[in-house]
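Following: one structure in structure tokens, then a few remarks.
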Amino acid sequence: MVIWDINSDGLEAVAKEIEAVGGVAHFYKCNLRDRNDIYQTAKKVKEDVGDVSLLVNNAGIVTGKKLLETSDEEILATFDVNSLAHFWVSF
């Protein structure tokens, strides 16, 4: 299993959980708001693990705020992760 996240501590914790039940985890820190980081991480995964045959993208941002209370940066982050990252991880 290959897992990505921007949170290194969370990645390590999830990898340990996977390995504790007999799985194999390859984990990579990746900023899903950064298309170039996505491309570089995908290249590294291909080198380390090979081709990925199934992708489950569970990344998402929710501010919990009303639209007019949400900052421009929060809106951009939401679109970057919840929409655009789906395209970038598919290439």
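Rule-based calculations on the coordinates, nothing more; no lab input. Predicted model, so just to flag it, every value in this text is computed and none were measured.
The count of lysine pairs in region 11-89 whose Cα atoms are under 16 Å apart, excluding pairs fewer than 8 places apart on the same chain, comes to 4. In the chain, the DSSP-assigned H stretches of four residues or longer account for a calculated mean residue ellipticity at 222 nm of -12500 deg cm²/dmol, using -39500 (n - 2.57) per stretch and the full residue count as denominator. Helix 8-20 and the longest principal axis of the Cα set of the chain meet at an angle near 40°.
A simple rule links phi to the HN-Hα coupling: the Karplus curve 6.51 cos²θ - 1.76 cosθ + 1.60 with θ = phi - 60°, which for region 27-41 gives 10, 9, 6, 8, 8, 6, 8, 10, 4, 5, 5, 4, 4, 5, 5 Hz, with x for Gly and Pro.
By the Cα gyration tensor, region 15-91 has an equivalent ellipsoid whose semi-axes, rounded to whole angstrom, run 28, 16, 10 from largest to smallest.
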